[in-house]
Every structure is written in structure tokens, then in C-alpha cells.
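Only one structure is covered here, and it is reproduced in the block below.
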Amino acid sequence: MRICIVGAGAISGFLGVRLAAAGHDVSMVARGAHLAAIRAGGASLVMGGSTTVARVAASDDPADLGPQDHVVLTLRTPNLPTLVPRLALLLGPDTTVVTAMNCIPWWFCQGIVGTLEGAHLDAVDPGGRLAASVDPARVIGCVIHAVA
């Protein structure tokens, strides 16, 4: 299974290393010092006194990684607008998008009947750009409860 983790913080590292250790083909979208560290030494997870290192493909350009089976968004909400134009490069016809983010998700109003029906939340999706580019039918909501 091809899984791309978008982000390079504590939660993304935890998920990426655990998924790679379970045998999945994991890649990561990262930038700056995190990208350099992943490329140089792999993604590392220190847990319970032991360190697990996963050699994963990493890039700051989703085009380098190609379509995935699953894309896990772990980046912070303010970084979403810079990702939106490039997110489609990770999506195949059956790709699911898992939103493992700390916030009310951009798709929150999907399926709500009443005054919020069809609304988008500018605070988490300025102008509704992300909602317009990711079909809510492929989104899997997620809440992370981990100390990382």
C-alpha cells in the first residue's frame, strides 16, 4: 500500500515510521531541515527507549512521489493554502485523504442539513479552495490522541 504523509512534525514522523515498519510503502512531503534530515538518515521514532528508523522517499514536491493509495495530512492548518495547488499530484482515482490535523476540518459542513449546509469555513479553508479540490467522498476524518 502506498501511503504519503504530508507534513514532517512529530505526528507525521510517528505515523510514517509506524506505517513503514508495518511494511507499507511510505513517502513524506516535507521541507527545509526536516526534509534534509529524512533524506540523510531516514525518519526516526524514539519510543519506549528504542529507536526505529524508516527509510522513506521524501520530497518537497508531491510530483516526485506520484499518486498514492492514501494521503495523510498532518500539517498545520495555516500551511494548507500552499499545499492545495499541489495536492492533486498525490491523488489517484481511488486515493483516500486522511485528515490527521488539529482543527475543525475544511469539510466539516459537508452533509449538514440546515443553515450551515454547503458552507465552507474560511478560517481553515480560505475561499473554499481545498474543498473545491478534494471531493469530500474520499476524505476520512481522524483525531490524533498521542503525545509526540
Inset, instruction - Considering each of 113, 98 in turn, give the residue that is modelled with pLDDT of 75 or more, outside any loop (DSSP other than H, G, I, E, B) and out of contact with any Ser or Thr (no Cβ under 6 Å at 6 or more places or on another chain). - result: 98
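Matching residues to (1) closer than 19 Å to residue 137 by Cβ; (2) exposed (fewer than 15 other Cβ atoms within 10 Å of the Cβ); (3) over 13 Å from the mean Cα position of the chain (by Cα):
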position: 18; (1), (2), (3): no, no, yes
position: 26; (1), (2), (3): no, no, no
position: 37; (1), (2), (3): no, no, yes
position: 69; (1), (2), (3): yes, yes, no
position: 100; (1), (2), (3): yes, no, no
position: 108; (1), (2), (3): yes, no, yes
Legend entry - Odd one out for residue 78 among (1) buried (at least 20 other Cβ atoms within 10 Å of the Cβ); (2) farther than 25 Å from residue 21 by Cα: (1)
Legend entry - Residue selected from the stretch 1-39 under the condition of a type outside the set (A, V, I, L, M, F, W, C) and part of a helix (DSSP H, G or I), by the criterion nearest to residue 68 (Cα to Cα): 16
Legend entry - Residue that is nearest to residue 137 (Cα to Cα) [pool: residues in the stretch 84-94 that are over 10 Å from the mean Cα position of the chain (by Cα) and buried (at least 18 other Cβ atoms within 10 Å of the Cβ)]: 91
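The values are calculated or read from the model by the stated rules, or taken from the named source; none is laboratory data. Just so you know, these numbers come straight off a predicted model, no measurement behind them. With ideal geometry, Cβ positions are generated from the backbone for all residues, glycine too; neighbour counts draw on all protein chains shown.
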